[in-house]
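Before any comments, here is the structure.
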Amino acid sequence: MGAWNYGIFDDDSAYDALGELMYSENVLLDMEKHLDTVLTGDEIDYDEAHFAIISGTVIDMVLNSTEYDAFVDEEVAEWLKTLDADGLKKLKDKAINAIDAILSERCELRQLWEENEELYPSWVEDKQALKERLQK
């Protein structure tokens, strides 16, 4: 696991997922695909979980103007301004449900974090906070 802390952007895979979304030809369609993968699969692998979390995070940044301290980048800020807020609103419920799925026992990312007894509660709390912001 390429993580150095429990926050959403404290992991190399999160940056990889964000980068792929930024260069997507149809970001809303790709985000929905990633969320659906998490919602419909029997098992959620590490990368799938990251793509779903980052999809939810993008929704949070655009709709709630949430800023992430560990992540300040002018290129991303400009990209976020180009996204369709109405389209993102339509994905909110899927993102909320995807976070629940990621926090379930069927998710590899959660299983890996659970092994870290010190940071696991903070990791869960961080993802729950994202879910709560998306529920607004």
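Assorted remarks:
- Rounded tilt (10° steps) of 27-40 against the dominant C-alpha axis of the chain: 30 degrees
- Those residues of the range 17-32 whose amide nitrogen sits under 18 Å from the label point placed on Ala85, 7 Å along Cα→Cβ: 28
- Overall form of the range 1-73 per C-alpha gyration tensor (a/c, 1.5; a/b vs b/c): oblate
- Residues of the chain: accessible area per residue with a 1.4 Å probe, Å²: 54 Å²
- The simple spin-label model puts a point 7 Å past each Cα toward its Cβ; for Asn97 and Asp12 those points are separated by 3.4 nm.
- Using Cβ point charges alone (K and R +1, D and E -1), the dipole size of the chain about the Cα centre works out to roughly 760 debye.
- Percent breakdown of C-alpha pair distances by 5 Å bin, ordered from the shortest bin, for the range 34-136: 2, 13, 23, 22, 20, 13, 5, 1
- Cα gyration tensor shape of the range 60-119, rounded if a/c is under 1.5, else prolate or oblate by comparing a/b with b/c: oblate
- Apportionment of accessible area to carbon and sulfur, the chain, percent (1.4 Å): 43 percent
- Each of Asn26, Asn64, Ser104 was placed along the dipole of the chain (beta-carbon charges, centred on the mean Cα), and the one lying farthest toward the positive end is Asn64.
The values are calculated or read from the model by the stated rules, or taken from the named source; none is laboratory data. Computed from a predicted structure; not experimentally measured. Positions of Cβ are backbone-derived with ideal geometry, glycine not excepted, and every protein chain shown enters the neighbour counts. When the accessible area is computed, the model is the full protein with side chains, heavy atoms only, and any ligands, DNA or RNA have been set aside. Shrake-Rupley method; radii C 1.70, N 1.55, O 1.52, S 1.80 Å.
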